[in-house]
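**Q** Just passing along the structure, written as structure tokens.
The values are calculated or read from the model by the stated rules, or taken from the named source; none is laboratory data. Only a predicted model underlies this, so the values are computations on that prediction, with no experimental measurement involved. Every residue, glycine among them, receives a Cβ derived from its backbone with ideal geometry; neighbour counts consider all protein chains shown. Remember, those area values only see protein heavy atoms, side chains included, never the ligands or the DNA or RNA. Shrake-Rupley method; radii C 1.70, N 1.55, O 1.52, S 1.80 Å.
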Amino acid sequence: SSFLGQLRSLVSRLGILGDARDGFLAIPEAKGSMSAVGGQAFFLPLYELFLTYGGIFRLKFGPKSFLIVSDPAIAKHILRDNAKAYSKGILAEILDFVMGKGLIPADGEIWRVRRRAIVPALHRKYVAAMIGLFGQATDRLCKKLDAAASDGEDVEMESLFSRLTLDVIGKAVFNYDFDSVTNDKGIVEAVYTVLRESERRSTSIIPVWNIPIWKDISPRQRKVTAALKLINDVLNDLIARCKRMVEEEELQFHDEYMNEQDPSILHFLLASGDDVSSKQLRDDLMTLLIAGHETSAAVLTWTFYLLSKEPSIMAKLQEEVDSVLGDRFPTIEDMKKLKYTTRVINESLRLYPQPPVLIRRSLDNDVLGKYPIKRGEDIFISVWNLHHCPNHWIDVDKFNPERWPLDGPNPNEVNQNFSYLPFGGGPRKCVGDMFASFENVVAVAMLVRRFNFQLALGAPPVGMTTGATIHTTEGLVMTVTRRTRPPIIPTLDNKLLEVNVEDPVEKAS
Ligand code: HEM
């Protein structure tokens, strides 16, 4: 049968079958041993296979099989046009222990109801209010880096970015100050224990790579259970406290409702009278915490890595930031003016998509491209492959923020016709895309304004490994130095510019 399989894939690759209607039209099947790549970032061998087998192929591991999709039209079909025929499949199974029926893994009616409850919480006024929070959190990181620069000590930026985005998301989602950039608290350790466990489970999706040994599972499982309990206790406490605040406040609930003292998503949900079990509420909060933390940390890590390789891009970026921001904290109005900063992040997300693959399972028979598929197929949409497709992108590996003109639209899945999917697409698209974009713009702008970043001499090579997002293998060790040039105070030109920029806050109210 393996000979037959090879023959079929050869025949279909040569296109001999044309549009045969006898049901023989089979998806190309990749050959070769994936076990040879254990320990590597698994999306890299999938890229090699994509170059050989094309936009859709099947990968088999013993009895298990996966469809790997790297074709924008098929991705659009699965994510958007026929989204209702797909669930989160394996992802929901893996993440059940931490996210339960939270928004990322949930499907069907639960997903629909929760999405409808949560999306309104991230309204424009909320996102605008978050800009101040991003600034304060980044400022704490600046202080930390300032001290390192004085001491002449190299810093491991990946873990600092992880702490920065944890601090941000804790405040933003349930008004809790982890303060992890400056402190080490038990709760922070608990969050990392849970995160590492979800990553361990997600990377053993393709089980032949590391079949877990039971004896080493149980002590770890105990640690995970204890961490989950600690987090749940903290969440229950925050929920109770927030409920009391809501009961005592005079505010009427309305569309862009926001409590100035506590603008958190939790506060919005409780004030909206969101009628939901406490388990579901905790699941949603955990989901938002994890979704908003890991992704942004990874984006910042790879952005600074890319910038360290391209001094001319860094110089251009610093020039924009100096002239737009001068020495003040960023505001919502600046988000529109920091165009090049935004392009730098757009391009970082192209080269390092977070997460690099999206996971689905077919709930029905369907047709993908020219191939019929059955219900129950596990599918990986490789965003990595879409973003590195040599036929689609010019100089595919080049970090080139200029590929999108500054006066053009912000690139997204719609205007790039699903060849670029930084936040997914269709009904399951990221709910935090605007939040995350502004968070990253504020962090990048404030950091490059104050410091220069270089890979430290003798730092370990920066390799990739996968959890839910792309991590470095041994950290991103950088030498951080203070910039000597004083920041430029905004000029008259910028003042004039401001007049033309619409104010989303004003528009919202
Ligand atoms: C979904 C990326 C930040 C909350 C997604 C998806 C992607 C994504 C690709 C689609 C997953 C799929 O279709 O399977 C990112 C990136 C971020 C980011 C790259 C940072 C740069 C955030 C933040 C939040 C958030 C800050 C919360 C405040 C969510 C949620 C979903 C989601 C709840 C699930 C939506 C649903 O299934 O209905 N994200 N995200 N994300 N994201 Fe984000």
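**Q** Go through the stretch 160-199 and report how many residues are more than 16 Å from the ligand (Cβ to nearest atom) and at pLDDT below 95. Explain how you work it out, then say what you get.
**A** Start the filter on the stretch 160-199 by keeping residues that are more than 16 Å from the ligand (Cβ to nearest atom), which leaves 160, 177, 179-190, 192-194, 196-197.
Okay, now just the ones that are also at pLDDT below 95, so 177, 179-190, 192-194, 196-197.
Residues meeting the conditions: 18.
**Q** Next question. Tell me, please, whether a residue that is part of a helix (DSSP H, G or I), surrounded by fewer than 20 Cβ atoms within 10 Å (Cβ to Cβ) and under 18 Å from the mean Cα position of the chain (by Cα) can be found in the stretch 158-171.
**A** Going through the stretch 158-171, the residues part of a helix (DSSP H, G or I) turn out to be 158-171.
Cutting the leftovers down to surrounded by fewer than 20 Cβ atoms within 10 Å (Cβ to Cβ) gives us 159.
Filter again for under 18 Å from the mean Cα position of the chain (by Cα), leaving 159.
Scanning the stretch 158-171 turns up at least one residue that is part of a helix (DSSP H, G or I), surrounded by fewer than 20 Cβ atoms within 10 Å (Cβ to Cβ) and under 18 Å from the mean Cα position of the chain (by Cα).
**Q** Additional query: Is it the case that some residue within the stretch 358-370 is in a loop (DSSP other than H, G, I, E, B), farther than 21 Å from Gly408 by Cα, touching a Leu at 6+ places or on another chain (Cβ under 7 Å) and open to solvent by 30 Å² or more (accessible area, probe 1.4 Å)?
**A** Step one: filter the stretch 358-370 for residues in a loop (DSSP other than H, G, I, E, B), giving 363-365, 369-370.
Add one more test, that the residue is farther than 21 Å from Gly408 by Cα, and what stays is 363-365, 369-370.
Adding the requirement that they be touching a Leu at 6+ places or on another chain (Cβ under 7 Å) leaves 370.
Filter once more, keeping what is open to solvent by 30 Å² or more (accessible area, probe 1.4 Å): 370.
Looking for residues that are in a loop (DSSP other than H, G, I, E, B), farther than 21 Å from Gly408 by Cα, touching a Leu at 6+ places or on another chain (Cβ under 7 Å) and open to solvent by 30 Å² or more (accessible area, probe 1.4 Å), one finds at least one in the stretch 358-370, hence yes.
**Q** So, one more: Give the number of residues within the stretch 425-451 that are under 22 Å from Lys337 (Cα atoms), near the ligand (Cβ under 10 Å from one of its atoms) and assigned to a helix (DSSP H, G or I).
**A** Applying the first criterion (under 22 Å from Lys337 (Cα atoms)) to the stretch 425-451 yields 432-451.
With the extra rule that they be near the ligand (Cβ under 10 Å from one of its atoms), the set shrinks to 432-440.
Then keep just the ones that are assigned to a helix (DSSP H, G or I); that gives 433-440.
Of the residues in that region, 8 qualify.
**Q** Which condition number does Arg350 fail, the rest of (1) assigned to a helix (DSSP H, G or I); (2) in contact with a His (Cβ under 9 Å, 6 or more places away or on another chain); (3) without any contact (Cβ under 8 Å) to a residue 12 or more places away in the chain being met?
**A** (3)
**Q** A further question follows. Give the residues of the stretch 309-332 that are in contact (Cβ under 8 Å) with a residue 24 or more places away in the chain and buried (at least 19 other Cβ atoms within 10 Å of the Cβ), sorted by residue number.
**A** Across the stretch 309-332, the qualifying residues are Ile313, Met314, Leu317, Gln318, Val321, Asp322, Val324, Leu325, Pro330, Ile332.
**Q** If Met335 passes every condition in (1) away from the ligand (no atom under 16 Å from the Cβ); (2) within 29 Å of Phe451 (Cβ to Cβ); (3) open to solvent by 10 Å² or more (accessible area, probe 1.4 Å) but one, which one does it miss?
**A** Condition not satisfied by Met335: (1).
**Q** Out of all the residues in the stretch 251-282, which are part of a loop (DSSP other than H, G, I, E, B) and open to solvent by less than 70 Å² (accessible area, probe 1.4 Å)? Full working, then the answer.
**A** Let us first name the residues in the stretch 251-282 that are part of a loop (DSSP other than H, G, I, E, B), namely 251-264, 272-277.
Scanning the stretch 251-282 gives Glu256, Tyr257, Met258, Asn259, Asp262, Pro263, Ser264, Ser272, Gly273, Asp274, Val276, Ser277.
**Q** Additional query: Need at least 3 residues that are open to solvent by 60 Å² or more (accessible area, probe 1.4 Å) and among the basic types (Lys, Arg) per element, so show me which helices (runs of 4 or more DSSP H) inside the stretch 79-157 make the cut, counting only ones lying wholly within it.
**A** On the way: elements: 90-99, 108-118, 124-151.
Counting at least 3 such residues, we get 124-151.
**Q** From the list Pro355, Pro427, Pro405, Pro372, exactly one residue is more than 22 Å from the chain's Cα centre (by Cα) and touching a residue at least 24 places away in the same chain (Cβ under 8 Å). Which is it? Explain how you work it out, then say what you get.
**A** Values: Pro355 fails: more than 22 Å from the chain's Cα centre (by Cα); Pro427 fails: more than 22 Å from the chain's Cα centre (by Cα); Pro405 fails: touching a residue at least 24 places away in the same chain (Cβ under 8 Å).
Result of the check over Pro355, Pro427, Pro405, Pro372: Pro372.
**Q** Being open to solvent by 20 Å² or more (accessible area, probe 1.4 Å) and either within 13 Å of the ligand (Cβ to nearest atom) or not in a strand (DSSP E or B) (or both) is the filter here; which residues of the stretch 56-78 pass it?
**A** Taking the stretch 56-78 and keeping what is open to solvent by 20 Å² or more (accessible area, probe 1.4 Å), we get 58, 60, 62-65, 71-73, 76-77.
If the condition is that a residue be open to solvent by 20 Å² or more (accessible area, probe 1.4 Å) and either within 13 Å of the ligand (Cβ to nearest atom) or not in a strand (DSSP E or B) (or both), then Gly62, Pro63, Asp71, Pro72, Ala73, Lys76, His77 are the ones that fit.
**Q** Tell me, please, whether a residue that is open to solvent by 40 Å² or more (accessible area, probe 1.4 Å), out of contact with any Phe, Trp or Tyr (no Cβ under 7 Å at 6 or more places or on another chain) and within 18 Å of Pro353 (Cα to Cα) can be found in the stretch 374-387. Give the steps one after another, and end with the answer.
**A** Step one: filter the stretch 374-387 for residues open to solvent by 40 Å² or more (accessible area, probe 1.4 Å), giving 374-376.
Filter once more, so that each one left must be out of contact with any Phe, Trp or Tyr (no Cβ under 7 Å at 6 or more places or on another chain): 374-376.
Right, trim to within 18 Å of Pro353 (Cα to Cα) and you get none.
No, the conditions are met nowhere in the stretch 374-387.
**Q** Can you go through Ser272, Ser312 and tell me which one is of a type in the set (Ser, Thr, Tyr) and modelled with pLDDT of 95 or more?
**A** Only one candidate passes the filter, namely Ser312.
**Q** What number of residues in the stretch 81-107 are within 12 Å of the ligand (Cβ to nearest atom), over 25 Å from Phe438 (Cβ atoms) and of a type outside the set (Phe, Trp, Tyr)? Don't jump to the end; show me each part of the working.
**A** So the first thing to find is which residues in the stretch 81-107 are within 12 Å of the ligand (Cβ to nearest atom), and the list is 83, 86-92, 95, 99, 101-107.
Restricting the remaining residues to those that are over 25 Å from Phe438 (Cβ atoms) gives 83, 86-92, 95, 101, 105-107.
From the residues that got through so far, the ones that are of a type outside the set (Phe, Trp, Tyr) too are 83, 87-92, 95, 101, 105-107.
Count: 12.
**Q** Confirm whether Glu413 is more than 21 Å from His471 (Cα to Cα) and in a helix (DSSP H, G or I).
**A** The answer is no for Glu413.
**Q** Within the stretch 458-465, is even one residue open to solvent by less than 30 Å² (accessible area, probe 1.4 Å), of a type outside the set (D, E, K, R) and within 26 Å of Gly170 (Cα to Cα)?
**A** no
**Q** A further question follows. Could you pull out the residue among Pro390, Pro411, Pro422 that is away from the ligand (no atom under 11 Å from the Cβ) and surrounded by 14 or more Cβ atoms within 10 Å (Cβ to Cβ)?
**A** Details: Pro390 fails: surrounded by 14 or more Cβ atoms within 10 Å (Cβ to Cβ); Pro422 fails: away from the ligand (no atom under 11 Å from the Cβ).
Sole residue among the options that is away from the ligand (no atom under 11 Å from the Cβ) and surrounded by 14 or more Cβ atoms within 10 Å (Cβ to Cβ): Pro411.
**Q** Return a yes/no flag: does the stretch 361-372 have any residue that is within 16 Å of the ligand (Cβ to nearest atom) and either at pLDDT below 95 or under 24 Å from Ser312 (Cβ atoms) (or both). Please lay out each step first, then the result.
**A** Restricting attention to the stretch 361-372, the residues satisfying the condition of being within 16 Å of the ligand (Cβ to nearest atom) are 361-363.
With the extra rule that they be either at pLDDT below 95 or under 24 Å from Ser312 (Cβ atoms) (or both), the set shrinks to none.
The answer is no; no qualifying residue exists.
**Q** Across the stretch 466-478, what is the total count of residues that are open to solvent by 40 Å² or more (accessible area, probe 1.4 Å) and either more than 16 Å from the ligand (Cβ to nearest atom) or more than 30 Å from Arg115 (Cβ to Cβ) (or both)?
**A** Taking the stretch 466-478 first, the residues open to solvent by 40 Å² or more (accessible area, probe 1.4 Å) are 468, 471, 473-474.
In the following step, the residues that additionally are either more than 16 Å from the ligand (Cβ to nearest atom) or more than 30 Å from Arg115 (Cβ to Cβ) (or both) were identified as 473-474.
Looking only at that region, the number is 2.
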